[in-house]
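Notes follow once the structure below has been shown.
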Amino acid sequence: MSGTASVKTFFLSRKDVVCILILAVVIMVVFPLAFDNFRLNLVGKYITYAFVAVGLVMCWGDAGILSLGQGIFFGIGGYAMAMFLKLEASSPENTKIQSTPGIPDFMDWNQLTALPWFWQPFHSFTFTVFAVVAVPALLALVIGLAMFKRRVGGTYFAIITQAFAAILTILIIGQQGYTGGVNGMTDLRTLMGWDIRTDHAKYVLYFISCLLLIGCVVFAYWVRASKLGRILVAMRDKEDRVRFSGYDVADFKVFVFCLAAAFAAIGGAMFTLQVGFMSPSFVGIIPSIEFVILCAVGGRTSVLGAVYGALLVNFAKTTLSESFPQLWLLGLGALFIAVVVLFPDGLAGLYRTWIDPRIDRLLGRAKPEITGSIPPAELTETTR
Amino acid sequence: MNAAPTASNTDFLLSVEGLTVSFDGFKAVDDLSLYVDRNEIRVIIGPNGAGKTTVLDLICGRTKATAGSIKFEQTELTTMKEHQIVRAGVGRKFQNPSIYEDLTVFENLEISYPKGRSVFGALMFQRDATVRARVMEIAETVFLQDHLNLRAEYLSHGQKQWLEIGMLLIQDPALLMLDEPVAGMSVAERKKTAELLQRIIQNRSVLVIEHDMGFVEDIAHKVTVLHQGKVIAEGSMAHVKQDPRVIEVYLGH
Amino acid sequence: MFSDYSLGDLGSILAMQGFAGLILFSVFVLMALGLAIIFGQMGVINMAHGEFMILGAYVTYLCSELFTNYLPALYNGYFPVAIVAAFCASGALGLLVEWVLIRHLYRRPLDTLLATWGLSLILQQVYRSIFGAREVGVELPDWMLGSTHLTDTIEVPINGIIVMCITTAITVAVYLLIFRSGWGKRVRAVMSNRTMAGAVGIDTERVDRMTFGIGCGIAGIAGSAFTMVGSTSPTAGQLYIVDTFLVVVFGGAQSLLGTIASAFTISQAQSTLEFFTSGSNAKVLTLLTVVAILMVRPQGLFTVKVRR
C-alpha cells in the first residue's frame with residue numbers, strides 16, 4: 001500500500017490523450033487541407049451534429065436514458081443564435097422599406113408592429129451566448145425533474161421527449177410571426193459587424209466549432225472519469241441498487257440530461273453561425289431520431305466513436321443523396337436496423353474488438369484489464 | 001428513561017407498529033408490529049408469500065405503506081425517500097445479487113462508499129488513500145481482495161452475493177437487512193458466508209430473511225414467524241419451534 | 001373564445017365537432033389497439049406502425065382502382081373487400097417483420113424502437129417507388145357519401161357512422177380474442193412470465209409472431225378507415241405515430257378500455273379545440289395537456305396497482 005497516498009492521476013490516460021489528439025488533427029489539419037471551402041463548410045455542419053452525439057453518449061449510452069428530443073435543444077440553441085443575428089440584420093437602415101422598420105422581415109409580413117418582449121434581450125450578444133446554453137438546459141431541467149422524480153423512464157421517456165419535439169415544431173411553424181414559421185430564420189448576415197457569409201468567416205467559424213467540440217469531448221471524458229460517470233453506468237445497470245446505496249437517482253439523470261441538452265445547444269448555435277439560417281426542420285422528430293442514429297453508428301458508449309459516427313453518416317448521406325436520393329432513405333433505414341441488430345456497439349465496438357488489440361500487440365503491450373491480478377497500488381491507473 | 005413504559009419503548013433501534021400495505025385490496029402485510037433492539041440479530045421466517053420481502057421493502061422505502069409507522073432511531077421512515085433512508089443508516093441486500101455487472105469489483109465498492117452522494121459531490125469525488133484503504137479492507141472481509149480489477153459480471157454467484165454484502169458493509173449501516181443471503185450457494189460458499197455474517201453482525205442490528213433452518217439457528221437472537229402478512233409467533237428459535245401454529249404452517253412439512 | 005356563441009350554438013358545435021372527430025377517433029382507436037397489443041403485451045415499440053397503417057390505405061386504394069377498372073358494377077361493395085385485404089396484407093408483412101427483425105430484439109425495447117424506425121424509412125421509400133410521392137385518394141361509393149340530419153343543426157356524415165361500426169366490431173373482437181379465447185390466455189401468459197409459459201409448453205415464439213401480426217393487421221384496417229379522412233401518401237403514417245403512442249401511453253399500456261377512452265379524449269379534445277383556434281394550436285394544446293397529465297400520472301389513466 002505504500003506510496004498510494006500520493007498517487008494523483010490525471011483523468012485522461014495516455015491512450016485517451018493520443019486518441020483525442022488524433023481527432024483534433026483529423027478535423028483541424030487533415031480536413032482543412034483536403035477539402036475546398038464548400039466541403040469544409042459541410043464538414044463544419046457535421047461537426048455541429050457531433051455535439052449532439054457526444055451528449056447522447058452520456059445520456060443514452062452511459063445512463064441508459066434515450067432522448068428522442070435532442071432536436072429540441074439543438075433547435076433552441078440554434079434559434080437563440082439566429083434571433084441575435086436576425087436582429088442585427090434587421091437594423092432600421094436595412095429594413096426601411098418595411099411598414100415597421102427595425103423588426104425582422106417575417107414579423108413585418110405577419111403584421112407585427114413591435115418587437116415581442118422575448119426578443120428584446122437578444123439585442124445583447126452576452127445574453128445570447130448565455131441563453132444558448134441556459135434556455136435548453138433549463139428546459140431539460142424542467143422536463144427532467146418532472147419525469148425522473150416521478151420515475152418515468154425507458155420507453156415512456158423516449159416517447160414523451162418525442163412528443164415534445166413534435167410540439168415544439170408545430171409551435172414554431174404555427175407562430176410564424178414570432179419565429180419565421182416553416183422557413184425559419186433566414187438571411188442572417190453579420191455577427192457584431194463581422195460578415196459571417198464570407199469564406200474567411202466560415203473558415204474561422206469552422207475552427208471555433210472544432211475547438212468547442214474538442215472542449216466538449218474533454219469535458220465529457222472528465223465527467224465519465226469521475227465517480228459520477230460510474231454512477232451513471234451503475235444506474236443503467238441496477239437503478240435500485242444505486243438508490244439503495246444512498247443516491248437520489250433522479251438528480252443524476254436530470255444532470256446528465258441537462259448536460260446532453262447543453263452540448264446539443266452549443267452545436268445548434270454553431271450550426272446557425274456556419275450555415276447562416278435555422279429552421280424547424282432541425283428541431284422535430286426526424287432530426288432528433290437521426291441524432292440518435294449518429295450516436296448508435298459511432299458506438300453508444302464511446303464519445304469519440306459518436307464524433308466519427310456523426311461525420312461518417314453525414315458524409316454518406318451527402319454523397320448518396322447527391323447521386324441517388326432514393327437510395328439514401330433505404331440506406332439509412334438499413335443502417336438503423338444493421339447497427340441495432342448486428343453491431344449494437346457501433347464503430348467503437350468494431351474498433352475495440354478488431355483494431356485496438358492489434359495496436360496493443362504491435363506496440364508490445366499486454367491487456368491488463370480483465371486479469372484482476374494487479375496490485376492495489378496500480379489500481380488507479382487501470383480502473384479509471 | 002423518563003418516557004412512560006408503553007409499547008413504544010424509545011430505546012428500540014427499529015420499531016414497526018401497525019404496518020399495513022394492501023395491493024388492490026390484498027393485504028400483503030396486515031397490522032404488523034415488530035421491535036428490533038440495538039445489536040440484535042432478528043430472523044424473519046415464514047412460508048412463501050407470507051410478506052417477508054414486503055416487510056423489508058416497506059422499511060427501506062421501496063414500497064409505500066398503506067398505514068402504520070416505522071421508526072428508526074426516533075425517525076419516521078414511512079415518509080422518507082429511499083436514498084434518505086439509506087443515509088439514515090439502513091442497508092438492504094436484495095434477494096438476487098444486485099451488483100453493477102459492467103463495473104469492476106473495486107468500482108462497485110467505491111460507488112457504495114458513503115461520500116460524494118450528491119451530483120456535485122460525485123463529480124468532485126477523489127479516490128484518495130482513505131477510500132482505497134477502506135475498499136481494500138472491505139474487499140478482504142468479503143474474500144474478494146484478489147479480484148478488485150475484475151468486471152463484476154465474471155464473478156461466481158456466491159462471489160456476487162459477497163460483493164453485495166460488501167457494498168452494504170462499506171456504508172457501515174446501523175441496521176442491515178439481508179434477504180436470503182445464502183440462497184443459491186454451494187455448501188462451501190454457504191459455510192464461508194455464515195462465517196462472514198457472524199463477523200459482520202457485530203455492533204449493528206441485523207434483520208435477515210432466511211429459509212435455511214440450520215443457518216437460522218446459528219445466528220438468530222430472536223425469530224419472527226410471518227404468515228399471510230401477520231406475525232404468528234415471535235421469540236427464541238427454541239420457543240418458536242414448539243409453537244403448534246408455526247409447525248402447522250411452516251416447519252411441519 | 002366562447003363568448004361569441006350562444007349556449008345552444010355551443011351545444012351544436014360540440015356535437016358536430018364531436019361527430020367530425022369520430023373518424024379521427026376511429027383511426028386513433030384502431031391504430032392504438034394494434035400498438036397497445038404490441039407494446040402492452042410484448043413490450044415492443046413499433047415505430048413503423050404508421051407505415052403498416054399506410055400499407056392498409058394503399059391496399060384499399062388498389063382495391064378501389066381494381067373495382068373501378070374491372071368490376072364497376074360491384075363498386076359499392078369494394079370497401080368490405082378492401083378491409084379484409086388490408087388486414088391480410090399488413091398482417092402478413094407484420095409476420096414477416098417479426099420473423100426477420102423483431103424476434104432478435106425482445107427485452108431490448110429501446111432497440112426495437114430504433115430498428116422499427118429504420119424499417120419505417122425503408123417502407124416509406126418502397127411506397128414512394130411503387131406508388132409515387134404524390135398523394136392518392138379513393139372515391140367513396142355513393143351509399144357512403146352524404147350525411148343524416150339528427151336535428152336541424154346537427155348532421156352526421158354516414159361514412160363516420162360506418163367507420164364507427166367497424167371500429168366497435170374490431171374492438172369487441174380484440175377484447176374477445178385477448179380476454180376470452182385460449183389464444184389470448186396464452187398471450188397473457190407469455191407476457192407475464194415468458195420462461196414459465198415456455199416451460200408449460202406454450203410455443204412462445206409462435207405467440208409472439210401472431211401477436212405482432214394481428215397488431216399490424218389491425219393497423220391495416222385503420223389504414224382502410226384512414227382513406228376516408230385523409231389522402232394517402234408515403235409519409236402520411238409518420239404523422240400519426242407520435243399521437244398514437246401518446247394515446248397508448250395515456251390510456252395505460254396494458255388496458256384496452258384505457259386505450260379506447262384515451263383515444264376518445266384526445267381526438268375529441270383536438271377536434272373540438274380546432275373549431276375555436278387554429279389546427280396547429282389545437283394540436284399543441286392537446287399534446288401539452290396529455291404530456292402534463294402523464295407527468296402527474298405516468299402510469300396512464302387506467303392501470304392496476306401491482307406489487308413490484
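The values are calculated or read from the model by the stated rules, or taken from the named source; none is laboratory data. Being a predicted model, the structure only gives us computed values, none of them experimental. Neighbour counts run over all protein chains shown; Cβ positions are idealised from the backbone, glycine included. Side chains included, ligands, DNA and RNA excluded: accessible areas come from the protein's heavy atoms. Shrake-Rupley method; radii C 1.70, N 1.55, O 1.52, S 1.80 Å.
Here's the yes/no breakdown for (1) in a helix (DSSP H, G or I); (2) in contact with a strand residue (DSSP E or B) (Cβ under 8 Å, 6 or more places away or on another chain):
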| residue | (1), (2) |
| --- | --- |
| B:LEU58 | yes, yes |
| B:LYS71 | no, yes |
| B:THR79 | no, no |
| B:ILE85 | yes, yes |
| B:GLY91 | no, yes |
| B:PRO97 | no, no |
| B:GLU101 | no, yes |
| B:PHE106 | yes, no |
| B:LEU109 | yes, no |
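Conditions tested, residue by residue: (1) under 21 Å from the mean Cα position of the chain (by Cα); (2) among the charged types (D, E, K, R); (3) open to solvent by 40 Å² or more (accessible area, probe 1.4 Å); (4) at pLDDT 85 or above.
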{"position": "C:ARG103", "(1), (2), (3), (4)": "no, yes, yes, yes"}
{"position": "C:TYR106", "(1), (2), (3), (4)": "no, no, yes, no"}
{"position": "C:PRO109", "(1), (2), (3), (4)": "yes, no, yes, no"}
{"position": "C:ILE130", "(1), (2), (3), (4)": "no, no, yes, yes"}
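Among residues of region A:333-348 being at the interface with another protein chain (Cβ under 7 Å from one of its Cβ atoms) and open to solvent by less than 30 Å² (accessible area, probe 1.4 Å), the one that is nearest to A:GLY299 (Cα to Cα) is A:VAL340.
For every residue, the table says whether it meets (1) assigned to a loop (DSSP other than H, G, I, E, B); (2) over 30 Å from C:GLY252 (Cα atoms).
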position	(1), (2)
A:GLY71	no, no
A:TYR79	no, yes
A:MET83	no, yes
A:ALA114	yes, yes
A:VAL132	no, yes
A:VAL142	no, no
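Against the definition (within 17 Å of A:CYS258 (Cβ to Cβ), out of contact with any strand residue (DSSP E or B) (no Cβ under 7 Å at 6 or more places or on another chain), assigned to a helix (DSSP H, G or I) and not small (Gly, Ala, Ser)), how does A:LEU87 come out, yes or no? Spelling it out, it is not the case that A:LEU87 is within 17 Å of A:CYS258 (Cβ to Cβ), out of contact with any strand residue (DSSP E or B) (no Cβ under 7 Å at 6 or more places or on another chain), assigned to a helix (DSSP H, G or I) and not small (Gly, Ala, Ser). Does B:ARG199 satisfy the criteria of being more than 11 Å from every other protein chain (Cβ to nearest Cβ), out of contact with any strand residue (DSSP E or B) (no Cβ under 7 Å at 6 or more places or on another chain) and within 26 Å of B:MET213 (Cβ to Cβ)? When the stated conditions are applied, B:ARG199 passes them. Out of A:THR155, A:THR100, one residue alone is in a helix (DSSP H, G or I) and surrounded by fewer than 23 Cβ atoms within 10 Å (Cβ to Cβ). It is A:THR155.
Checking region C:262-277 against the condition returns a match, with at least one residue being in contact (Cβ under 8 Å) with a residue 40 or more places away in the chain, part of a helix (DSSP H, G or I) and within 24 Å of C:ALA89 (Cβ to Cβ).
Would you check if B:ALA233 is free of Cβ contacts under 8 Å to residues at least 24 places away in the same chain and open to solvent by less than 20 Å² (accessible area, probe 1.4 Å)? Can you show your working first?
Details: free of Cβ contacts under 8 Å to residues at least 24 places away in the same chain: yes; open to solvent by less than 20 Å² (accessible area, probe 1.4 Å): yes.
It is true that B:ALA233 is free of Cβ contacts under 8 Å to residues at least 24 places away in the same chain and open to solvent by less than 20 Å² (accessible area, probe 1.4 Å).
Among the listed residues A:ILE231, A:ILE285, A:ILE289, which satisfies the condition of being open to solvent by less than 10 Å² (accessible area, probe 1.4 Å) and under 18 Å from A:LEU68 (Cβ atoms)?
Values: A:ILE231 fails: under 18 Å from A:LEU68 (Cβ atoms); A:ILE285 fails: open to solvent by less than 10 Å² (accessible area, probe 1.4 Å).
Sole residue among the options that is open to solvent by less than 10 Å² (accessible area, probe 1.4 Å) and under 18 Å from A:LEU68 (Cβ atoms): A:ILE289.
Answer yes or no as to whether B:ASN39 is more than 30 Å from A:VAL249 (Cα to Cα), part of a loop (DSSP other than H, G, I, E, B) and either open to solvent by less than 10 Å² (accessible area, probe 1.4 Å) or touching a residue at least 60 places away in the same chain (Cβ under 8 Å) (or both). For B:ASN39, the condition - more than 30 Å from A:VAL249 (Cα to Cα), part of a loop (DSSP other than H, G, I, E, B) and either open to solvent by less than 10 Å² (accessible area, probe 1.4 Å) or touching a residue at least 60 places away in the same chain (Cβ under 8 Å) (or both) - is met. Hey, A:THR318 hits all of (1) more than 12 Å from chain C (Cβ to nearest Cβ); (2) crowded, with 21+ Cβ neighbours inside 10 Å but one; which does it fall short on? Of everything listed in (1) more than 12 Å from chain C (Cβ to nearest Cβ); (2) crowded, with 21+ Cβ neighbours inside 10 Å, A:THR318 misses just condition (2). Taken together, the criteria exclude C:MET47 from residues that are open to solvent by less than 70 Å² (accessible area, probe 1.4 Å), aliphatic (A, V, I, L, M) and more than 16 Å from the chain's Cα centre (by Cα). Count of region C:271-300 residues, restricted to those that are open to solvent by 10 Å² or more (accessible area, probe 1.4 Å), within 14 Å of chain A (Cβ to nearest Cβ) and modelled with pLDDT under 80, is 10.
Among what's in region B:110-168 and is more than 7 Å from chain A (Cβ to nearest Cβ), among the β-branched types (Val, Ile, Thr) and closer than 25 Å to A:PHE10 by Cβ, pick the residue that is most open to solvent (accessible area, probe 1.4 Å). Only one residue tops the list, namely B:THR130.
Residues in region B:89-109 that are more than 7 Å from every other protein chain (Cβ to nearest Cβ) and within 18 Å of B:LEU56 (Cα to Cα) were compared, and the one that is most open to solvent (accessible area, probe 1.4 Å) is B:ASN96. Looking only at region C:247-266, which residues are over 12 Å from the mean Cα position of the chain (by Cα) and open to solvent by less than 30 Å² (accessible area, probe 1.4 Å)? Within region C:247-266, C:VAL249, C:PHE250, C:GLY251, C:GLY252, C:ALA253, C:SER255, C:LEU256, C:GLY258, C:SER262, C:ILE266 qualify.
Conditions tested, residue by residue: (1) more than 14 Å from chain C (Cβ to nearest Cβ); (2) free of Cβ contacts under 8 Å to residues at least 60 places away in the same chain; (3) out of contact with any helix residue (DSSP H, G or I) (no Cβ under 7 Å at 6 or more places or on another chain).
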{"residue": "A:LEU191", "(1), (2), (3)": "yes, no, no"}
{"residue": "A:ILE196", "(1), (2), (3)": "yes, no, no"}
{"residue": "A:ASP199", "(1), (2), (3)": "yes, no, no"}
{"residue": "A:SER209", "(1), (2), (3)": "yes, no, no"}
{"residue": "A:LYS238", "(1), (2), (3)": "yes, yes, yes"}
{"residue": "A:VAL242", "(1), (2), (3)": "yes, yes, no"}
{"residue": "A:ASP248", "(1), (2), (3)": "yes, yes, no"}
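List every residue pair whose Cβ atoms lie under 7 Å apart, where the two residues are 6 or more positions apart in sequence or sit on different chains, the first residue falls within region C:181-205 and is in contact (Cβ under 8 Å) with a residue 40 or more places away in the chain, and the second residue, located anywhere, is open to solvent by 70 Å² or more (accessible area, probe 1.4 Å) and not acidic (Asp, Glu). Qualifying pairs under 7 Å: C:GLU205/C:ARG103. Looking across region C:205-246, the residues that are crowded, with 17+ Cβ neighbours inside 10 Å, more than 14 Å from chain A (Cβ to nearest Cβ) and either closer than 20 Å to C:LEU105 by Cβ or touching a strand residue (DSSP E or B) at 6+ places or on another chain (Cβ under 6 Å) (or both) come down to C:VAL207, C:ASP208, C:ARG209, C:MET210, C:THR211, C:PHE212, C:GLY213, C:ILE214, C:GLY215, C:CYS216, C:ALA219, C:THR232.
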